[in-house]
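Novice: I have a structure here, written as C-alpha cells, and I will follow up with some questions on it.
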Amino acid sequence: MSNVSTCITYDASTSLVMMTLRGTASAQDVINFYQIAHQYSVLYGSEKILVDVSELTHNFAPADLFTIMPIIATSLQQAVLAIVVSFDGFMHDLFVQKAKRYNLQAENFECYQMAKNWLVRQ
C-alpha cells in the first residue's frame, strides 16, 4: 500500500521543476510521480527536474525497476534529473544505474543545495 505526500513546484528564477516526495511508494507510484514531473516540465518548458526522495521508502522489489524504467525513460528522454537521496540509498543507486542504461541524464545527491546547483549549471 502506498502512502505518499507530494509537493511539486516550478521555480522561474532557476527554471527548475522541483518535486518532494515523502512516505512509502509502490512501483506504480514511482511511475506516476515521474510522469507528473514530466507534465510539469512540458507545461513550464524546462527539462531540469529536481526530485527530493530523501524521506521516501520503496514498497517494491529492486527487480521491479526493470519494469519501471522503460516507462519512465519514455517520458523523460529530454530531462535532466537531480535526485536528492537519503544516506541509505540502495534503491536510488539502482534507479540511476538503470536510468543511465536508458540514456537518461540523472545523478543522485545527498545534499539538496548541491543537487540544485548542479542542475542549474546543466
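Novice: Within the set of pairs 6 or more residues apart or between chains, which connect a residue that is among the basic types (Lys, Arg) inside the stretch 45-69 to a residue that is surrounded by fewer than 18 Cβ atoms within 10 Å (Cβ to Cβ) with Cβ atoms less than 7 Å apart?
Specialist: 48/15; 48/122
Novice: Looking at (1) at pLDDT 90 or above; (2) β-branched (Val, Ile, Thr); (3) under 22 Å from residue 3 (Cα atoms), which one does residue 80 not meet, given that it meets all the others?
Specialist: (3)
Novice: Between a residue in the stretch 89-106 that is closer than 14 Å to residue 71 by Cα and any residue that is open to solvent by 90 Å² or more (accessible area, probe 1.4 Å) and in a helix (DSSP H, G or I), which pairs come within a Cβ distance under 8 Å, given they are 6 or more apart or on different chains?
Specialist: Taking only residues 6 or more apart or on different chains, the pairs are 98/66.
Novice: Among the listed residues 54, 75, 41, identify the single one that is under 21 Å from residue 16 (Cβ atoms), polar (S, T, N, Q) and at pLDDT below 90.
Specialist: That would be 75, the only listed residue that is under 21 Å from residue 16 (Cβ atoms), polar (S, T, N, Q) and at pLDDT below 90.
Novice: Looking at the structure I just gave you, is residue 36 in contact (Cβ under 8 Å) with a residue 24 or more places away in the chain, open to solvent by less than 20 Å² (accessible area, probe 1.4 Å) and among the aliphatic types (A, V, I, L, M)?
Specialist: Answer is no for this residue.
Novice: Now, a different point. Across the stretch 19-62, what is the total count of residues that are among the aliphatic types (A, V, I, L, M) and either in contact with a Lys or Arg (Cβ under 8 Å, 6 or more places away or on another chain) or not in a strand (DSSP E or B) (or both)? Steps first, answer last, please.
Specialist: Applying the first criterion (among the aliphatic types (A, V, I, L, M)) to the stretch 19-62 yields 19, 21, 25, 27, 30-31, 36-37, 42-43, 49-51, 53, 56, 61.
Filter once more, so that each one left must be either in contact with a Lys or Arg (Cβ under 8 Å, 6 or more places away or on another chain) or not in a strand (DSSP E or B) (or both): 27, 30-31, 36-37, 42-43, 50, 56, 61.
Result for the stretch 19-62: 10.
The values are calculated or read from the model by the stated rules, or taken from the named source; none is laboratory data. Please read these numbers as outputs of a predicted model, since none were measured by experiment. All Cβ positions, glycine included, derive from the backbone under ideal geometry; neighbour counts span all protein chains shown. Surface accessibility is based on the protein's heavy atoms, side chains included, excluding ligands, DNA and RNA. Shrake-Rupley method; radii C 1.70, N 1.55, O 1.52, S 1.80 Å.
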